[in-house]
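Read-outs: derived from the displayed coordinates by stated rules, not from any lab. Values in this document were obtained by computation on a predicted structure and should not be read as measured data. In this analysis, Cβ positions are derived from the backbone assuming ideal geometry, glycine residues included, and neighbour counts consider all displayed protein chains.
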Amino acid sequence: SHAHSPTYPSLLQVAVRVRPLTNEERQRGCYRILEVQDDNMLTLMNQATDRNDHLRQKREKDKHFLYDRLHGEDSTQKEVYEDTTKPLVQDVLAGFTATVFAYGPTGAGKTYTMVGTPEQPGIMVQALNDLFQCLNDPSKISKTKISMSYLEIYNENIRDLLQPSGTLDLREDAKTGVIQVAGLSEREILTTKEVMRLLTKGNKERTCEPTAANKTSSRSHALLQVNVRKSAIKGVGEEVKVGRLFMVDLAGSERAKQTQNKGKRLQEGAHINRSLLALGNCINALAEGQAKFVNFRDSKLTRLLKEALSGNCRTVMVAHVSPSHHHREETRNTLVYAERAKKI
Ligand code: ADP
Ligand code: MG
């Protein structure tokens, strides 16, 4: 495996983004329980910020959490992209692999951060746009091709989101050990607009199941893989370098018991928890520099990302939370998971 780029202080960066209160939350009289102190410290308050709420008594102390980076309610898509993912783009162009995860409960803003809207494009779209910009440099002698695949993992089944068909299998190349999804479509893409269109269309193919927690709860992981192939004429032959960028919109991290799931849904919850748990273990090990002790076989997600998570590859996790008192438990769990990602 290759040596990592020296431009970063650490292989794993953990950021937290707090989304704004939604109109519905405002109308329901939700109050805020989070306070961003600075670029690194977030406080989960025991009491409401709303002074009029005298009913809430102090049962426990305010809790402070530290992260590599915090993005408050007024953070822009551009700021979040530039702080988390933009630095990885240079690595990918140089032939390295990098990964960005959006973690958090359903409704906390993962898909907004990753895909966004045509007016407010998210990380996936901005990253591809940056890659396109680099291609437009006429001084480059090497030929570069950018392609993307978009898949979902739902109940440990893999489906192509760009060219929906049946479930797809993981294949491990006996010689190289590289794991690939057999039959996954790969699109060459040329414009940012096209990326937005493909991702929006792909998201409509995502498996959505109604749960007690949220009608459009997303129980699947959506994984965008971008391949950057650079070929340069070297002597008589042609040398091809492949850089890879994985951007993953993870399934909701809420617990099965909180969503009061039964039967099939409960099983889905179990699958999701398994892969998020496996991912958490991998990320812990990565932060500790002990990736060799991790069992990537624990879930399809970690098998697929084995190379990205085990080598000297950059990983960014953006954990998402709502500021509302309504989601206190989920928020606390998410903040703890994200904090643990960096220290066991
Ligand atoms: P998730 O993918 O985690 O389930 P969504 O991304 O769908 O959550 O966000 C839930 C709702 O909140 C959506 O209506 C979305 O547009 C809105 N939202 C999320 N994050 C932001 C943000 N940073 N700014 C404005 N609206 C947001
Ligand atoms: Mg979503």
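Observations on the structure shown:
- For Lys204, the aspartates and glutamates whose Cα comes closer than 13 Å to its Cα, not counting residues fewer than 8 places off in the same chain, are Glu152, Asp160.
- Each residue, Ser231 and Asp169, gets one label point 7 Å from its Cα in the Cβ direction; the gap between the two is 3.0 nm.
- With neighbour counts taken as other beta-carbon atoms within 10 Å, the residues Met247, Met196 rank, fewest first, as Met196, Met247.
- Long-range HN-HN contacts of Asn312 with modeled amide H, under 5 Å: His2
- Filter on Lys145/Lys241; Lys78/Lys110; Lys143/Lys241 - keep pairs with C-alpha separation over 19 Å: none
- Rg(Cα)/(2.2 N^0.38 Å) for the range 84-183, N = residue count: 1.28
- By the beta-carbon count within 10 Å of each Cβ, the least crowded to most crowded order of Asp38, Asp298, Asp169, fewest first, is Asp38, Asp169, Asp298.
- Reported to the nearest whole Å, the Cα centre-to-centre distance from the range 308-344 to the range 224-255 is 25.
- The modelled label-to-label distance for the pair Ile179/Glu79, using points 7 Å beyond Cα in the direction of Cβ, is 3.6 nm.
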